[in-house]
Amino acid sequence: MEQKLQELVDRLRSAHQDRLLSVILYGSAATGDHHQEFSDLNVLCVLTQVTPQELGACEPVFKWWRGAGNPAPLLLSEEEVRTSTDCFPIEFHDMQERRRVLFGKDAIEGLAIDKTFYRAQVEHELRAKLLRLRQKAAGVLGDKQALLRLMIDSVSSFFVLSRHALLLSGIQVEWQKREVARNLRAIGVDSAPFDTLLDLREKKKQSAGLDTESLFANYLKQIEAAVAHVDRLEK
């Protein structure tokens, strides 16, 4: 991972030279909670400006990075970083809490996150992912393995959003998924389906004999409970 990140920085520096202000790794990889099979290497690239010239310079770098199985780096200008916290409060909140500067200055330090926008985005993301989960599940309910895979693939996103729901409620919680699960009852959410999916994802439990339909029903119910909790928070 470290070699890949260093090569990314080298390629970005070669492509942008003095227009590159900062390269920041954020998310699970920045704090050691990275899962090679399920987690992404999330990178913020801050430039003096983002024009077609910069996009063209990025093209070979991004093709190489995506070809290695990673999402394309997030490209923002320094001014966009300063003025976008109201649009992307979750993302900037995450960056503030866990990031590692790979090159240049720390463009995230000192940013202010408005709680009103933060709460609204947490609810929006929870509702949107719940709707998407329902849509996908409707096409695979007859296939137990596909349904199980859908739940395992989606659970990480719901842990991220549940953690933000806890933070909004004044409950300080660490990033580790098990730690988030232990605190869910405080906001009226049963952690049982999340714990089961984590066990399956980490291969601590086998799917043989598992009642997939019941697990899915409870999984949906608890996500709905998280949505309802965030909706009740002060707006």
With the structure loaded, tell me whether LEU161 is touching a residue at least 60 places away in the same chain (Cβ under 8 Å), out of contact with any Lys or Arg (no Cβ under 6 Å at 6 or more places or on another chain) and not acidic (Asp, Glu) or whether it fails that test. yes
message: Can you find a residue that is assigned by TED's automatic domain parsing to the domain that holds ARG127 and touching a Gly at 6+ places or on another chain (Cβ under 7 Å) anywhere in the stretch 208-225?
response: yes
In the stretch 143-158, anything buried (at least 21 other Cβ atoms within 10 Å of the Cβ) and under 23 Å from ILE113 (Cα atoms) is listed as PHE158
Tell me, yes or no, whether the stretch 37-52 has at least one residue that is surrounded by 13 or more Cβ atoms within 10 Å (Cβ to Cβ), touching a Phe, Trp or Tyr at 6+ places or on another chain (Cβ under 8 Å), assigned to a strand (DSSP E or B) and not polar (S, T, N, Q). yes
Out of (1) at negative phi; (2) modelled with pLDDT of 90 or more, the one GLN17 does not meet is (1)
Requested in this report: Would you check if ARG100 is surrounded by fewer than 16 Cβ atoms within 10 Å (Cβ to Cβ) and touching a residue at least 60 places away in the same chain (Cβ under 8 Å)?
Outcome: yes
Picked from the stretch 134-149 (must be of a type in the set (A, V, I, L, M) and not in a helix (DSSP H, G or I)), the residue modelled with the highest pLDDT is VAL140
Of the residues in the stretch 63-93 that are aromatic (Phe, Trp, Tyr) and surrounded by fewer than 20 Cβ atoms within 10 Å (Cβ to Cβ), the one that is farthest from the chain's Cα centre (by Cα) is TRP64
| message | Is it the case, given these coordinates, that ARG178 is part of a helix (DSSP H, G or I), basic (Lys, Arg) and either farther than 20 Å from ARG119 by Cβ or over 14 Å from the mean Cα position of the chain (by Cα) (or both)? | response | yes
Here the residues within the stretch 92-133 that are touching a Phe, Trp or Tyr at 6+ places or on another chain (Cβ under 8 Å), assigned to a helix (DSSP H, G or I) and not assigned by TED's automatic domain parsing to the domain that holds SER157 are HIS93, ASP94, MET95, GLU97
Contact list, first residue from the stretch 174-191 and among the hydroxyl-bearing types (Ser, Thr, Tyr), second anywhere and assigned to a helix (DSSP H, G or I), beta-carbon distance below 9 Å, six or more apart or interchain, is SER191/VAL180; SER191/ALA181; SER191/ARG182; SER191/ASN183; SER191/LEU184; SER191/ARG185; SER191/GLN222
ILE171 fails exactly one of (1) assigned to a loop (DSSP other than H, G, I, E, B); (2) crowded, with 16+ Cβ neighbours inside 10 Å, namely (2)
A careful count of residues in the stretch 7-27 that are under 17 Å from LEU74 (Cα atoms) and either surrounded by fewer than 13 Cβ atoms within 10 Å (Cβ to Cβ) or in contact (Cβ under 8 Å) with a residue 60 or more places away in the chain (or both) gives 13
Just checking, does the stretch 113-128 include any residue being closer than 26 Å to TYR219 by Cα, free of Cβ contacts under 8 Å to residues at least 60 places away in the same chain, of a type in the set (Ser, Thr, Tyr) and buried (at least 16 other Cβ atoms within 10 Å of the Cβ)? yes
Looking across the stretch 183-235 at residues that are exposed (fewer than 14 other Cβ atoms within 10 Å of the Cβ) and basic (Lys, Arg), the single one that is modelled with the lowest pLDDT is LYS235
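The values are calculated or read from the model by the stated rules, or taken from the named source; none is laboratory data. Bear in mind the structure is a predicted one, so any value in this text is a computation, not a measurement. Cβ: placed from backbone, ideal geometry, glycine included. Neighbour counts: every protein chain shown.
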